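A short write-up of the structure that comes next.
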Amino acid sequence: MSLRNRWGLRAGLVQLSVLLTLLGSLLPTPAAAHGERATEPYIRTRTVHWYDVTWSSQKINVSDTVTVEGKFHLFTDWPDAATKPELAFLSNASPGAVMTRVESYINGMPAQQSVRQLEIGRDYSFKLVMRGRIPGRWHLHPVLNVHGAGPIVGPGHWVDVAGSAADFKVPVTTMTGEVIDDLQHYGVARVQWWQAGYALLAIAWIVWWIRRPLIVPRWNAIKKGREDLLVTRTDDRVAAGLLVVVLVVVIAGYRYTTQKYEYVVPLQAGSFKTKPLPQESPVVTVELKDATYDVPGRSLRLDVEITNQSGSPLRVGEFSTANLRFINQSLDVALAGVDPSFPKDLVPGSGLRISDDSPVAPGETRKLRLEATDAAWETERLVSFLTNVDSRVGGMLFFFDGGGQRHMAEVSGPIVPVFTQLRLAEKS
Ligand SMILES: [Cu+2]
């Protein structure tokens with residue numbers, strides 16, 4: 001290719017990309033996600049495993065509520081690079097304040113405050129009650145904000161909020177019986193007046209000083225031993241006056257507030273503690289022997305050794321990681337475990353392939369190969385675990401016994417990428 005052609009091609013590509021960027025910004029497209037896929041895979045696969053998550057509704061009106069509830073398991077193989085959940089706050093991930101969180105619970109305890117000392121390896125239940133505020137189509141997730149590790153987002157589902165934003169009101173009756181029609185705007189004007197007043201004082205104080213020659217002339221004066229020129233008697237008087245004004249404003253403001261509002265409760269800034277959900281005695285042990293991610297085949301392969309310690313035969317029903325659920329398609333009880341409200345895009349249709357799906361007898365130890373194959377590994381941007389510093393993978397395995405009872409077990413270990421699996425499969 002001649003130099004001119006190459007330049008022509010490059011200019012064409014630049015024009016094309018500019019055009020696409022312009023089109024992208026001019027044509028309104030719904031946001032497909034809001035950052036949940038940007039979290040590093042080692043966080044998404046090895047910290048908080050959300051399960052049994054349900055949404056009470058996918059269509060609500062402004063001021064109606066939608067309840068998101070379920071459970072989460074804190075993974076034992078918690079990555080070194082993420083702070084342990086010593087302090088955490090249960091919240092919702094949605095684009096801005098499009099919904100108002102009116103209630104939140106961990107293990108049935110009110111969770112408006114942060115929760116302390118969550119135990120790794122244990123499970124907790126949660127519940128969020130959200131009230132529609134701004135009409136639109138919003139992706140609503142539960143999220144656990146772990147101090148030092150950041151927000152760890154659960155599965156998200158689209159919720160349509162219909163109606164008019166003007167209809168949204170938060171009426172509240174205070175302890176003293178005062179009725180507030182709409183908490184959204186209550187006291188906002190007063191806060192803004194106070195802020196404006198203090199801003200005015202601050203600006204006046206700055207202007208008082210910067211109207212005079214500044215840094216270099218003042219430095220020169222100090223070098224010549226004439227500090228006395230820098231702060232005049234008038235400056236002293238203005239400073240003293242300002243101090244008096246601020247003190248009077250603070251004291252008078254405080255007196256006025258306590259007289260007008262007899263009972264004032266400070267913002268609640270504490271934290272609470274809750275015991276994890278009761279732990280069942282281990283029914284099955286899972287040892288990860290080998291894990292590979294087949295890059296061209298988009299397939300995660302786990303070679304595990306399973307020992308059934310229960311008195312009932314067990315089958316593998318589900319492998320769940322990073323909010324993706326790979327279900328054993330030939331196990332009805334596992335399929336039934338997917339709530340109809342659960343987002344379909346997080347349940348790959350290809351499901352989970354198991355090398356030997358016959359029930360593992362009580363006391364039996366069996367080696368199994370589990371294959372979770374789907375483009376979701378790419379679309380959910382999970383394959384970058386190959387470039388992570390610790391190249392490990394983790395997830396939850398759900399087993400079902402003869403009676404349809406579910407038992408969970410963690411599976412985790414090192415993982416290596418492979419690029420040749422497809423060709424080997426063709427040969428054999
Ligand atoms: Cu989302």
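Quick notes
- The angle between the Cα long axis of helix 3-26 and the longest principal axis of the Cα atoms of the chain comes to about 70 degrees, rounded to the nearest 10.
- Enclosing the Cα atoms of the stretch 30-110 in their convex hull gives a volume equal to 136 cubic angstrom per residue.
- Dimensions of the stretch 299-428 along the principal axes, based on C-alpha atoms and rounded to the nearest Å, stand at 41, 36, 31, largest first.
- Extension gain for Asp356 to Ile203 (0.36 nm times residue separation, less C-alpha to C-alpha distance): 47.5 nm.
- Rule-of-thumb Rg ratio for the stretch 43-185 [Cα; 2.2 N^0.38 Å; N residues]: 1.13
- Positive minus negative residues near Gly187 (Lys, Arg vs Asp, Glu; Cβ under 15 Å): -1
- Whole-Å semi-axes of the stretch 188-264's equivalent ellipsoid (Cα gyration tensor): 37, 14, 8
- The residues neighbouring Thr173, those whose beta-carbon lies less than 13 Å from its own, together hold a net charge of -3 under the Lys/Arg +1, Asp/Glu -1 convention.
- Applying 0.36 nm per residue to the separation of Glu280 and Val102 and subtracting their alpha-carbon distance, the gain on full extension is 60.8 nm.
- Report summary: the helix-based calculation at 222 nm, which adds -39500 (n - 2.57) for every DSSP H run with n ≥ 4 and divides by the residues of the chain, gives -8000 deg cm²/dmol.
- The stretch 233-248 and the stretch 165-203 have their alpha-carbon centroids 31 Å apart.
- Each of Glu36, Glu378, Glu119 was scored by other Cβ atoms within 10 Å of its Cβ. Arranged with the fewest first, they read Glu378, Glu119, Glu36.
- Along the axis of the charge dipole computed for the chain (Cβ charges of +1 for Lys and Arg, -1 for Asp and Glu, origin at the Cα centre), the listed residues Leu300, Gly311, Val284 are led at the positive end by Leu300.
- For the peptides 332-342, 296-306, 124-134, 213-223, the ranking by packing is 124-134, 296-306, 332-342, 213-223, with the highest mean count of neighbouring Cβ atoms within 10 Å listed first.
- Comparing Trp193, Ala221, Gln117 along the charge dipole axis of the chain, the residue lying farthest to the positive side is Ala221, per the Cβ-charge model.
- The radius of gyration of the Cα set in the stretch 93-248, together with its Dmax, comes out at 26.5, 72 angstrom.
- Pair-distance distribution P(r) for the stretch 255-357, from all Cα-Cα distances in 10 Å bins starting at 0: 10, 28, 25, 12, 8, 7, 8, 1 percent.
- As a size descriptor, the averaged projected area of the C-alpha convex hull of the chain was calculated at 35.6 nm².
- Full-stretch length increase - Trp219, Asp52 - with 0.36 nm per residue and alpha-carbon distance subtracted: 53.3 nm
- Computed label-point distance, nm, for sites Thr65 and Leu247 using a 7 Å Cα→Cβ extension: 5.0 nm
- Pairs of alpha carbons in the stretch 363-407 whose separation is greater than 11 Å (percent): 80 percent
- Note on the chain: Lys pairs 8 or more places apart or on different chains, Cα atoms under 26 Å apart, count 20.
- Ranking of Met109, Met175 by count of other Cβ atoms within 10 Å, fewest first: Met175, Met109
- By DSSP, the beta bridges lying fully in the chain are antiparallel in about 90 percent of cases.
- For the stretch 114-199, the ratio of Cα radius of gyration to the globular rule of thumb 2.2 N^0.38 Å stands at 1.56.
- Residue among Asp182, Asp77, Asp235 with the largest mean-square fluctuation in a Gaussian network model of the chain, springs linking Cα atoms under 10 Å: Asp235
- Lys, Arg +1 and Asp, Glu -1 on Cβ, resulting dipole of the chain about Cα centre, debye, nearest 20: 2080 debye
- Net charge of Cβ neighbours under 15 Å - reference Gly403; Lys, Arg +1; Asp, Glu -1: -1
Rule-based calculations on the coordinates, nothing more; no lab input. Quick caveat: nothing in here was measured; it's all calculated off a predicted structure. Positions of Cβ are generated from backbone atoms using ideal geometry, with glycine treated the same way; all protein chains shown enter the neighbour counts.
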